[in-house]
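These notes concern the structure reproduced below.
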Amino acid sequence: MKPWVPLGRAPIPGSPDALELWQRGEEFSIRISGYVSELMNSRQHSSEEALADYAVPLVVERPHPHVLVGGLGMGFTLAAALRGVGQNGLVTVAELVPEVVEWNRGALGEVAAHPLRDPRTRVHVGDVAALLRASRQQFDAVLLDVDNGPEGMTHTGNDWLYAPKGLAAIRAALRPGGVLAVWSVEAVPRFTAALERAGYAVDVRRARAREARGGWHTIWVAQIPVIRPPIESR
């Protein structure tokens, strides 16, 4: 078997850890320094695609749907969002680590068919939480895959995203009837309850890590209920 070859290392803003990019043949791996397990692998991406596949169809019929992807990773969620959003759609991807964007513009981009080259893609290099705080009814869907679940792992500031203030800010950044989808390596019932308390209608779904096999991951699909005015009686 071919050995793993290091391709790059990038500091994580606000964290003592770093991201590392490795390659073995046609396989790529992104890891966090000091952790034994991988953060992501190019052979396991079905659930990352499902994050978009579950959420984007709920908003694709809108005239010009705008989707925000939090976390570029290896580009699989971005690529799936682009496939689903239609020719009149737009996908903004927010990535905290600038080197991850550069890796996706280089050799790593091949694994997801170079979604950064799509003219419907917009790249925001920076904290997705800051972008959400500054946005008001800007997005039809927000897809979050910035941690291994609803808690900050790579960036402790991400904890805010899953707390009541963060969920309220995301709701404010969404257009009426918009959708929030969150990826997690495992089910977290307390986060389901937090979404419901924040006023979302929640559907907890599962997806395989690899197509038709591999472990199961959890995806929350949380939609803002559309409140229709009462019909006036004559």
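Among the residues of segment 50-59, is there at least one that is surrounded by fewer than 23 Cβ atoms within 10 Å (Cβ to Cβ) and more than 26 Å from Gly177 (Cβ to Cβ)? Within segment 50-59, not a single residue is surrounded by fewer than 23 Cβ atoms within 10 Å (Cβ to Cβ) and more than 26 Å from Gly177 (Cβ to Cβ).
Scanning segment 10-32 for residues that are among the small types (Gly, Ala, Ser), in contact (Cβ under 8 Å) with a residue 24 or more places away in the chain and touching a Lys or Arg at 6+ places or on another chain (Cβ under 8 Å) yields no hits at all. For segment 129-150, a residue qualifies if it is in contact with a Pro (Cβ under 9 Å, 6 or more places away or on another chain) and not hydrophobic (A, V, I, L, M, F, W, C), and the qualifying residues are Gln137, Asp140.
Against the condition touching a helix residue (DSSP H, G or I) at 6+ places or on another chain (Cβ under 7 Å) and without any contact (Cβ under 8 Å) to a residue 60 or more places away in the chain, how does Leu51 come out, does it pass? No, not satisfied. Among the criteria (1) within 19 Å of the chain's Cα centre (by Cα); (2) surrounded by fewer than 18 Cβ atoms within 10 Å (Cβ to Cβ); (3) touching a residue at least 12 places away in the same chain (Cβ under 8 Å), the one Val226 does not fulfil is (1). Evaluated against (1) touching an Asp or Glu at 6+ places or on another chain (Cβ under 8 Å); (2) hydroxyl-bearing (Ser, Thr, Tyr); (3) at pLDDT below 95; (4) over 18 Å from Val97 (Cα atoms), Ser42 falls short on exactly one condition, (3).
The values are calculated or read from the model by the stated rules, or taken from the named source; none is laboratory data. If you're wondering where the values come from, they're calculated on a predicted model, not measured in any experiment. All Cβ positions, even for glycine, are placed from backbone atoms using ideal geometry, and neighbour counts span all protein chains on display.
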